[in-house]
Amino acid sequence: MARQIAQHGESVTIRRSVSGTDTDAEIKAIVRNYDAGSNTQGGSYAIINPADLEAAEWPSATEPDKAIDALPRKGDHLIVGGRQRALTRHAEPVRIGDTIVRLNLHIEG
């Protein structure tokens, strides 16, 4: 999946705001709209590679516990095509064995 994201994903910015300070990382994501039958207006999902977040050192190393805060969470934002979209829930990790190989993000806005 990492190769697919790198080759076919679009450039996005993931953002976390803490005490008025934004921490951004430029990464690739595969972004898709929910199907028409969804009851979530403007809802989409994005698939990202957790290794991209680690390589970008996101979130900021100044946060109190980077290991706990390393996964995107509700309240973070994904900027897609210049449009800031809010994560509506914490990232959903997908694992193979004990390794997280991708993160599913639910976004709106």
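A few points about this structure:
- Cα gyration tensor, segment 66-109 - rounded (a/c under 1.5), prolate or oblate: prolate
- Annotation: extensible slack from ALA51 through ARG32 equals 4.8 nm (criterion: 0.36 nm per residue apart, minus Cα-Cα distance).
- Mean Cβ count within 10 Å, highest first, over the residues of peptides 46-53, 102-109, 76-83: 46-53, 102-109, 76-83
- In nm, spacing of pseudo-spin labels at SER11 and THR99 (7 Å Cα→C-beta vector): 2.8
Every number in this text was worked out from the coordinates using simple rules, so none of it is lab data. Everything numeric in this text was worked out from a predicted model, so none of it was measured. Cβ sites come from the backbone with ideal geometry, for glycine too, and all protein chains shown count toward neighbours.
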